[in-house]
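Here is the structure we will look at.
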Amino acid sequence: MVSESEAGVFLLMRLVTLKARPEFLRIRGGARWSCSNFVIETKLRPEAHEIIQGPRFGFTVTKALGNAVTRNRIRRRLKSAIQALDASSAKDGHDYVLIARADAGTCAYETLQKDLEQALQRVHHPRKDGSRKESRDRPARS
């Protein structure tokens, strides 16, 4: 029998998803990073949920992005990109929410994967000085 590594089969990690609205709302205010394809938010899971092993992911694809077929296609592309990631990219005990943008449905799949890898790196390793890019700085509200 040929082993999976010899056959060149790439094993996909099992994707555990967020389902309930309170789970999505809990992640608001955590580490956040955005690109042209999506916004990613993450927060460490509370100890009460430590029964669940590994990272969990939630997906938000609004009706503004298109009809149900288009939204499902975007969601499937994001899920596939996550499953193809190196297992160490997403941290155990963290919950992630990906908020899709219009470009997520039309960009090259390789670009989507690269953006996701970079996003996971950025949310777990923020800038040391706490500064943001100049283009993202907004004047303070009064």
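Across segment 56-80, the qualifying residues are those that are over 26 Å from P46 (Cα atoms) and of a type in the set (G, A, S), and the one among them that is nearest to the chain's Cα centre (by Cα) is S80. Would you point out the residue of segment 112-131, among those that are open to solvent by 60 Å² or more (accessible area, probe 1.4 Å) and farther than 19 Å from Y96 by Cβ, that is modelled with the lowest pLDDT? If we take residues in segment 112-131 being open to solvent by 60 Å² or more (accessible area, probe 1.4 Å) and farther than 19 Å from Y96 by Cβ, then G130 is modelled with the lowest pLDDT. Condition first: without any contact (Cβ under 8 Å) to a residue 40 or more places away in the chain and within 14 Å of K79 (Cα to Cα). Now tell me which residues in segment 95-113 satisfy that. Answer for segment 95-113, where residues must be without any contact (Cβ under 8 Å) to a residue 40 or more places away in the chain and within 14 Å of K79 (Cα to Cα): Y109, E110, Q113. Taking segment 88-103 as the range and being part of a loop (DSSP other than H, G, I, E, B), farther than 13 Å from E117 by Cα and open to solvent by 50 Å² or more (accessible area, probe 1.4 Å) as the test, the residues that pass are D92, R101. Among the residues of segment 49-59, those that are out of contact with any His (no Cβ under 7 Å at 6 or more places or on another chain) and buried (at least 16 other Cβ atoms within 10 Å of the Cβ) comprise R56, F57, G58, F59. Go through segment 88-111 and count every residue that is in contact with a strand residue (DSSP E or B) (Cβ under 8 Å, 6 or more places away or on another chain) and farther than 20 Å from R45 by Cβ. Of the residues in segment 88-111, 3 are in contact with a strand residue (DSSP E or B) (Cβ under 8 Å, 6 or more places away or on another chain) and farther than 20 Å from R45 by Cβ. Filtered by the rule that a residue be in a strand (DSSP E or B) and among the polar types (S, T, N, Q), segment 11-47 gives T17, S34, T42.
Which one of these is under 17 Å from V123 (Cβ atoms) and modelled with pLDDT of 95 or more: C35, C107? I'd like the intermediate steps shown before the answer.
Working: C107 fails: under 17 Å from V123 (Cβ atoms).
Every option except C35 fails the conditions.
Within segment 42-58, none of the residues are farther than 15 Å from G93 by Cα and touching a helix residue (DSSP H, G or I) at 6+ places or on another chain (Cβ under 8 Å).
What about L85, is it farther than 16 Å from K43 by Cβ, surrounded by 15 or more Cβ atoms within 10 Å (Cβ to Cβ) and at pLDDT 95 or above? Give the steps one after another, and end with the answer.
On the way: farther than 16 Å from K43 by Cβ: yes; surrounded by 15 or more Cβ atoms within 10 Å (Cβ to Cβ): yes; at pLDDT 95 or above: no.
Judged against the criteria, L85 is not a match.
The values are calculated or read from the model by the stated rules, or taken from the named source; none is laboratory data. Just so we're clear, the structure is a prediction, and the values are computed from it rather than from any experiment. Note that each Cβ is placed from the backbone with ideal geometry, even for glycine, and that neighbours are counted across all protein chains shown. We work out accessible area using only protein heavy atoms, side chains counted, and drop any ligands, DNA or RNA first. Shrake-Rupley method; radii C 1.70, N 1.55, O 1.52, S 1.80 Å.
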